[in-house]
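I have placed the structure first, in the form of structure tokens, so that the comments after it can refer back to it.
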Amino acid sequence: MKIYETLLVVSWALFISLGCSPDSGVTRYNVTGQVTYNGVPVPMGEISFDPLEQGIGGGFAPINDGRFDTTIDGRGHLGGEHRVQIVGFKGWIDPSDPDKGAIPLFTPYETTVDFSNGTSTMDFEVPSVTER
């Protein structure tokens, strides 16, 4: 390994070990809730929380059987105003091969939410006008 490659590896390891990631020093708050469409829980999808104040990545969580929780395979919100985007699916095109994709339930739905600083619970009803 050449000296500049060694320096790059060492500096990257130091960067990671010191916690200097893009979220370093940022407080995130967990959010849980339910997502429904036409009054029925969304079978699967994802919900994302993007702060309107740019510069820091937003939060997200998978939706399973209408429920989401940023503590499970997700990342919390930052507090303040966020653009919330919800994508929902009916199921997999081929359940034996998820790489083939999923069947959309509705077009992506967006709204804004003003989160307080702290853990929260929030439910979302996707309007039926977004049907695919």
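The values are calculated or read from the model by the stated rules, or taken from the named source; none is laboratory data. Keep in mind the model is a prediction, meaning the values are calculated, not measured. In this analysis, Cβ positions are derived from the backbone assuming ideal geometry, glycine residues included, and neighbour counts consider all displayed protein chains. Note: accessible area is taken over every heavy atom of the protein model, side chains too, but ligands, DNA and RNA are not part of it. Shrake-Rupley method; radii C 1.70, N 1.55, O 1.52, S 1.80 Å.
How about segment 74-132: which of its residues are small (Gly, Ala, Ser) and over 29 Å from Tyr29 (Cα atoms)? First the steps, then the outcome.
Residues of segment 74-132 small (Gly, Ala, Ser): 74, 76, 79-80, 88, 91, 96, 101-102, 116, 118, 120, 128.
Gly91, Ser96, Gly101, Ala102, Ser128, listed by residue number.
Those residues that are modelled with pLDDT of 95 or more and either at positive phi or open to solvent by less than 40 Å² (accessible area, probe 1.4 Å) (or both), I need them from segment 114-129; list them, please.
Phe124, Val126, listed by residue number.
Mind listing whichever residues of segment 74-90 are small (Gly, Ala, Ser), open to solvent by 20 Å² or more (accessible area, probe 1.4 Å) and under 15 Å from the mean Cα position of the chain (by Cα)? Quick ask: steps written out before the conclusion?
Taking segment 74-90 and keeping what is small (Gly, Ala, Ser), we get 74, 76, 79-80, 88.
Now drop any that are not open to solvent by 20 Å² or more (accessible area, probe 1.4 Å), which leaves 74, 80.
Selection gives Gly74 alone.
Can you report the number of residues in segment 91-107 which are part of a helix (DSSP H, G or I) and surrounded by 13 or more Cβ atoms within 10 Å (Cβ to Cβ)?
Kept after step one, since they are part of a helix (DSSP H, G or I), are these residues of segment 91-107: 98-100.
Pick out the ones that are also surrounded by 13 or more Cβ atoms within 10 Å (Cβ to Cβ) and you get none.
The total comes to 0.
For every residue, the table says whether it meets (1) touching a Ser or Thr at 6+ places or on another chain (Cβ under 6 Å); (2) at positive phi.
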position: Ile56; (1), (2): no, no
position: Asp69; (1), (2): yes, no
position: Ile72; (1), (2): no, no
position: Gly79; (1), (2): no, yes
position: His82; (1), (2): no, no
position: Gly88; (1), (2): no, no
position: Asp99; (1), (2): no, no
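Could you check segment 61-77 and list, in sequence order, the residues that are closer than 21 Å to Lys90 by Cβ and either touching a helix residue (DSSP H, G or I) at 6+ places or on another chain (Cβ under 6 Å) or of a type in the set (Lys, Arg) (or both)?
Arg67
Scan Val26, Val87, Val31 and give me the residue that is over 17 Å from Ser120 (Cα atoms) and modelled with pLDDT of 90 or more. Explain how you work it out, then say what you get.
Numbers: Val26 fails: modelled with pLDDT of 90 or more; Val31 fails: over 17 Å from Ser120 (Cα atoms).
Just a single option satisfies the conditions, and that option is Val87.
Looking only at segment 25-59, which residues are assigned to a strand (DSSP E or B), in contact (Cβ under 8 Å) with a residue 60 or more places away in the chain, open to solvent by 20 Å² or more (accessible area, probe 1.4 Å) and under 16 Å from Asp114 (Cβ atoms)?
Result: Tyr29, single match.
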